[in-house]
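These notes concern the structure reproduced below.
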Amino acid sequence: MARLHLSGYLFFAPTSAEAARTALASAEERGVPVSVDPASAGFLARLGRDRFLDAVDGVELLLPNAHEAALLTGLPAPEAAAAALSRRFPLVAVTLGGGGALVAEGGRVVAKAASPPVRVVDTTGAGDAFTGAFLAARLAGVDPVAAARAGCRAGAEAVTRTGGRPPPGEDGSPRDGHPRDGSS
């Protein structure tokens, strides 16, 4: 099974937006499902709701956080925003930080996945961890609710460490934490 995942950051600059639209069109032609994480409420607000929604038309899965979902719908309640977005996108997973995630399909919230309780050190990378685990689970054939649970576990794990990287050694870097190529 194949999937194309695009970061919303791609849609905020003309050159990368064109590349993202080309990739999206190519995936659609080939029947490859596409997911998008809006990535930034600030950039999203500057670009504009309608421009962003038009740019990602045809996407199978949208992965906004609660703030992004509210910006995209004008609805402050995450449940209402998730339901509204799932009328436009077949599957929506709205992250709620420590509150877990909502899964919406067909105009309604179908589940809320809980996030395990953890001691939060740094929220950097939590959304990316959620998205990565969610997509990996979906590619493995897991249903959307179980994928959201996997995403919540990964996001919770990510916030227990400083920075958006695994501890030294888990990412292939030396145990001293310094990159092998000498860069920092």
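One table, with the values for the structure above:
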| quantity | calculated |
| --- | --- |
| Selection within segment 7-32 - of a type in the set (A, V, I, L, M, F, W, C), part of a helix (DSSP H, G or I) and either under 24 Å from ASN65 (Cα atoms) or open to solvent by 30 Å² or more (accessible area, probe 1.4 Å) (or both) | LEU10, PHE11, PHE12, ALA17, ALA19, ALA20, ALA23, LEU24, ALA25 |
| Residue in segment 58-73 that is surrounded by the most Cβ atoms within 10 Å (Cβ to Cβ), counting only those that are without any contact (Cβ under 8 Å) to a residue 60 or more places away in the chain and in a loop (DSSP other than H, G, I, E, B) | PRO64 |
| Sole residue being assigned to a loop (DSSP other than H, G, I, E, B), small (Gly, Ala, Ser) and open to solvent by less than 70 Å² (accessible area, probe 1.4 Å), chosen from GLY151, GLY141, GLY127 | GLY141 |
| Contacts under 6 angstrom Cβ, first residue in segment 25-52 being more than 10 Å from PHE12 (Cβ to Cβ), partner among the β-branched types (Val, Ile, Thr), 6 or more apart | ALA27/VAL34; VAL34/VAL59; VAL36/VAL56; VAL36/VAL59; ASP37/THR131 |
| Of all residues making up segment 82-116, the number that are over 17 Å from VAL56 (Cα atoms) and either free of Cβ contacts under 8 Å to residues at least 12 places away in the same chain or part of a helix (DSSP H, G or I) (or both) | 4 |
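The values are calculated or read from the model by the stated rules, or taken from the named source; none is laboratory data. In this text, all values refer to a predicted model and were calculated from it rather than measured experimentally. For neighbour counting, all protein chains shown are included, and Cβ atoms are generated from backbone atoms with ideal geometry for every residue, glycine included. What goes into the accessible areas is simple: the full protein's heavy atoms, side chains included, and nothing from ligands, DNA or RNA. Shrake-Rupley method; radii C 1.70, N 1.55, O 1.52, S 1.80 Å.
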